[in-house]
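For reference, the structure discussed in these notes is given below.
The values are calculated or read from the model by the stated rules, or taken from the named source; none is laboratory data. For clarity, every value in this text was computed on a predicted model and none was experimentally measured. When the accessible area is computed, the model is the full protein with side chains, heavy atoms only, and any ligands, DNA or RNA have been set aside. Shrake-Rupley method; radii C 1.70, N 1.55, O 1.52, S 1.80 Å.
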Amino acid sequence: MANTYLKRTNGSPTNDKIGTISVWVKRSKLGTNQYFHMNFADGSNYGYFSFTDEDVIKIYSVTSGSQSTQIRTNRKFRDVNAWYHIVIAIDTTQGTTTNRIKIYVNGVQETSMSNTDYFGLNVSCPMFIASGSNYHTVGSAENGTVSFDGSMSHYHKCDGTA
């Protein structure tokens with residue numbers, strides 16, 4: 001499955017400040033960067049959710065060429081026999097910074113983070129913005145060269161609700 005991924009041009013979001021992504025994943029390989037969602041407009045505007053080469057979950061975004069968000073869990077995800085249900089809820093309208101991005105794994109919120117550069121208040125989230133050339137990839141980086149190595153099931157992306 002390492003070379004299989006989906007690519008879709010974005011439609012118009014109902015809300016680009018609030019959204020949720022939910023996916024079941026089972027890893028096959030550890031110690032490599034593996035994307036399970038990316039929204040790509042161009043090299044200056046993109047965002048993604050991934051496992052890192054350190055086997056943690058990372059949320060990262062760039063807006064107008066500058067990093068706008070980076071969240072990394074302290075918890076490592078190294079069980080290649082387990083299915084993980086990962087839910088990432090984003091709501092940049094929340095007044096409390098740590099409430100703007102929430103990560104849940106198997107129904108439990110991840111609260112221990114090594115990086116905590118959260119979205120600003122009421123900013124558009126690069127993972128939900130749709131414009132002309134934007135597109136989503138599921139299971140890969142924007143060019144398909146870095147793919148998710150494992151299995152995915154029940155991938156859902158909803159904008160406008162967290």
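How do Leu121, Leu30 stack up against each other in accessible area, from largest to smallest, with a 1.4 angstrom probe? Before the final figure, lay out each step's value.
On the way: Leu121 95, Leu30 70 Å².
Order by accessible area, largest first: Leu121, Leu30.
Please report the relative contact order for region 8-76, taking Cα pairs under 8 Å with a sequence separation of at least 6, and give it as a percent rounded to a whole number. Please report the intermediate quantities before stating the final value.
Values: 99 pairs, mean separation 14.3, N = 69.
Relative CO of region 8-76 lands at 21 percent.
Largest first, what is the accessible-area ranking of Glu54, Glu110 with a 1.4 Å probe?
On the way: Glu54 85, Glu110 20 Å².
If we order Glu54, Glu110 from most to least accessible, we get Glu54, Glu110.
Enumerate the aspartates and glutamates that Lys76 could reach by cross-link, defined here as Cα to Cα under 18 Å, with residues fewer than 8 away along the same chain left out.
Asp53, Glu54, Asp55, Glu110, Asp149
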